[in-house]
Each structure stands twice: as C-alpha cells, then as structure tokens.
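Note sheet for the following structure.
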Amino acid sequence: MKILLIGANVASTPYYVYPLGIAMVSSALNNAGHAVRQIDFLQNNMSLESIENEIRSFSPGIIGISMRNIDNVNLLNEQRYIDAVEEIVKRVRQVSSVPVVMGGSGFSIMPEAVLDKIGADYGIVGEGESLMVQFADNAQKGIYPENRCIRSSNFLQGKEIPSASYDLDIMQFYQKSGNIASLQTKRGCNHKCIYCSYPLLEGSAVRLRDPASVVNDIEILINDHKVGYIFFTDSVFNDDEEAYIEVIREMKSRKINIPWTAFFKPEGLKDEHIALMKETGLKAVEIGADASTDTTLKRLGKPFRFKDIAECNDLFARHQVATAHFYMFGCPGETKDTVMEGLENIKSLKNTVSFIFMGIRILPNTILHRIALDEGLVSNKDSLLESVYYIAPGIERQWLEKTLTDGFSGIRNCVFPPDAMDGSLQFLHKLGYSGSLWDMLVPGGKKTRKHRANAGK
C-alpha cells in the first residue's frame, strides 16, 4: 500500500530539528513491504499547496501526520502549533478521502482532544512503528480499528527499534538550516519529574538500541547525507546504567569524530567518560537542571541538588565542553525567597548559558496535573489543549516576571524570556553557521565554525 507521511512540525526555534518520527515509521513500513513517501511541512515553507500536490501525484491509500508539539510551552510568548495541523487535515480532506492517521509525541500527550480538534480519522498513541504497520496491513484487507485511538501495551525492544529512513531531500533542507540531524539511542525514562510526559509516552523503563545499529546510522548520516552535526534526542543521554558509554566506544572503535550534542542529567558523570565523548566529537551539552534551588528541585522530583548542577557544569567546563541549562520558576514549593535564591544560584554558574522559563505547562496525567487539580487551578473537565501554566500559589505572575526580567537584565548568558535569542540564532544559521549555536553565548567560549563542520572517519 502507498502511504504518505507528513511531518507537520512548524517550530523552527531555537533551531530546526529533523523530523525523526516519520523517518523511523517510514523505515518500519518500508521493511513491511509498503511504499512510503515523506514530506516535511517546514521544508516546503509551510505550504498547504505543496501537500495537496504531493497527494495528487502520489495517490496514497493512507496519510499519516506526525505532530511533534502542541505549543511552545513559553508562557510569555505562546505559539500554538496544533492550528497548523488542523489546516493540514482540512486541506488533505479537500483532495483525498483516504484514512488520515495522527501520531507523534504532541498527539500522544492528549490524543482524544487532538482528534476532536483537528478531525483526523485515527490516531496512534505512543510508538508508531509496529502499530502503523499493523494498521496498513489491515487497511489493505479493508479492515479498520473500532476505536479511533490505537494503543499498545507493548514497547519495542533493542533491535526491534528500527533505524530511521532519512529522506535525501528533507535532509538537504535541514543541512541548510543548521546542519543538525536527529538520532535516537534509547527510549523510555525511569525518572520521576512531576511535569514530564516522557514516561507516559515511552514507558518508565529504559530500552536501549543496539550500539552497533546506532553507529551504523551515524555512518549513514556522515557518508550518505554529509551531515555535520548530530543531536541525540534521548530524554536523557547519560543513563544510570552507563549504556551510553557503549555507543561512544563503538563510535571510537570506528574512528568516528563528528560534532554532537545531547541532553544530560547532572549526576554520575566521570572525567574519563567526558574525555572519551570528546574524542568522538562532543561539542555541547544541554543539562536538565529545571530548578535552581534544593527546595524546588526536590519538589520537581529531581534526585540531585544544586551543588550537583554546579559540579557537573564545572566538570564539562574543565573539558572545554559548552553547557546550556534550562530552569523553570514557579514550580510547586516556589516562594519569593526561593526565587531570589535561584536567581543568585544561576548567576553563580561559570562558563555556561542558562535559559529561563516562567511557569510550567501542565500536561495531562502528570503528577503536576494532579497537584493542579488538588489546588483548583484546573478541573477534570479541562482537556488542557488550551495551555495552562502552573505558578505556585502565593507567587504573583506580574511580580515573578518583573523579578526575573530585572534579575537577569544585562547578563548575556542568562536568557529570559527563553526565546529572546531565537531570531539571532536563526540568522546565524542562514549565514552558514552549524549546530545549536547557543554555545556562542558562553562567556569566553569558542565560536562555532561557519559552514559544515568536519565530520567523518
């Protein structure tokens, strides 16, 4: 069966992120004998006409749409992405009567509400590879699910998680928009952060891909696509069991050195591990600090404290690896005293850049959602499709915004609001600079080289 997969993401900040989801689903469908074509909305300048033309030329029997995010989780500059997906579905309906199947992390967070909003026929909740193959196989026989939302209690393990089928044309676009390619080494998250949807989407057990398969993908990106920068999209790269080191060792054994970045938790890291990662090209890390005092870290469900964040930051600095931290003010337990303490803690960090958010987007079925229900901030009738942000009782929004604005004013490497530098980063990408680029804000840090970074064996 012919299947058209549409990457519906419209977010280009802080940098463009390759649509990995449709690439992995495409791989599973291809392996099952289906004919797949991928189209990316951003690549086509968000043109609905381009989607219409693709449908007319390909005549698919199924159309899948991947939705990465519902909104940008930024209280001070909200941007809704679901409206663009709704417009895509409307245009699809005008030119085709085939089943429209939704998927992606943004869809899976609140699937029923999204389906009702955008009007698609079906939706796959969670991992889409095996479920989409099953849907397509049955559709060939004229069999369709009774329920609009399709779920599975089983998660893919190890080699069952497919390598991505990277599209040449789509990749060329992303090479011109920061030259960052996405890659996944594992799924699942065993942490218990109260606001996070990762365990709900991918399960609470970490499921590792085969290291050799991961590095095979890296070689394809380097040799076939000429990629110059890799972003490992794992919820946390440095897992508790240190399985990530096996990926790094496999990279080193094949003499791979390509600039790369990933999300790290600020615990369990060793000098020798960072040195090994640098040998394979580690350039920058994004640290999931999330709160800036011991009190608020504990209330967010974090197992570490601020001294661990500072020690982690210093560890990477000693190895000349740029770091970025992300902080949210207003979480449960936040007081005016913790806000002021957090300001000073963040400003005390050296050789790093910090992005500061105000409020926390409440997502369904998280612990934060239950807290908000208990405190009367939301009700059981709220779908949360319209964004609601948690700010601790007793903290006035206007006071918090002014305090954060004044507290970080004039400090170049403390960015508030968190999107304040997005326009500048996009401009640099257009000039030919590659990578995440926030490392250019690190005081005394080295500038990212212009044009494609050296990558290869």
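A few notes on this one:
- Under the Debye formula (equal points on every Cα, no solvent term), log10 I(q)/I(0) of the range 2-150 at q = 0.10, 0.12 Å⁻¹: -0.30, -0.44
- Within the same chain, lysines fewer than 8 places from LYS350 are excluded, and of the rest, those with a Cα less than 16 Å from its Cα are LYS307, LYS446.
- Of all aspartates and glutamates in the structure, those lying under 14 Å Cα to Cα from LYS226, and not within fewer than 8 positions of it along the same chain, are ASP167, ASP169, ASP217.
- Diffusion coefficient, µm² s⁻¹, Stokes-Einstein with Kirkwood Rh over alpha-carbon pairs of the chain at 37 °C and 0.692 mPa s: 144 µm²/s
- The alpha-carbon of LYS270 sits under 19 angstrom from the alpha-carbons of these aspartates and glutamates, leaving out residues fewer than 8 places away in its chain: ASP239, ASP240, GLU241, GLU242, GLU246, GLU250, GLU279, GLU286, ASP308, GLU311, ASP314.
- As a ratio to 2.2 N^0.38 Å, the alpha-carbon radius of gyration computed for the range 68-204 takes the value 1.16.
- Ranked ARG68, ARG93, ARG209, criterion: other C-beta atoms within 10 Å, fewest first: ARG93, ARG68, ARG209
- Applied to the range 269-276, the Karplus parametrisation 6.51 cos²θ - 1.76 cosθ + 1.60 on θ = phi - 60° returns per-residue 3J(HN,Hα) values of 8, 10, 4, 5, 5, 5, 4, 5 Hz, with x for Gly and Pro.
- Out-of-range pairs (alpha-carbon distance over 18 Å; input LYS176/LYS252; LYS2/LYS141; LYS298/LYS381; LYS302/LYS402; LYS186/LYS265): LYS176/LYS252; LYS298/LYS381; LYS302/LYS402
- Over the chain, dividing the summed -39,500 (n - 2.57) contributions of all DSSP H runs of at least 4 residues by the number of residues returns a 222 nm mean residue ellipticity of -10500 deg cm²/dmol.
- DSSP-defined antiparallel bridges as percent of all bridges, the chain, nearest 5: 15 percent
- Its Cα gyration tensor gives the range 178-441 an equivalent ellipsoid; the semi-axes, largest first and in whole Å, are 32, 22, 18.
- Counting Lys and Arg as +1 and Asp and Glu as -1 over every other residue whose Cβ lies under 10 Å from the Cβ of LEU4, the net charge comes to +1.
- The residue list CYS193, GLN172, VAL215 was ranked by how far each Cα lies along the charge dipole of the range 166-256 toward its positive end, using unit charges on Cβ atoms, and GLN172 comes out on top.
No value in this document is a laboratory result; all are computed from the given coordinates. Bear in mind that the values here come from a model prediction, so they are computed numbers and not experimental data. Every residue, glycine among them, receives a Cβ derived from its backbone with ideal geometry; neighbour counts consider all protein chains shown.
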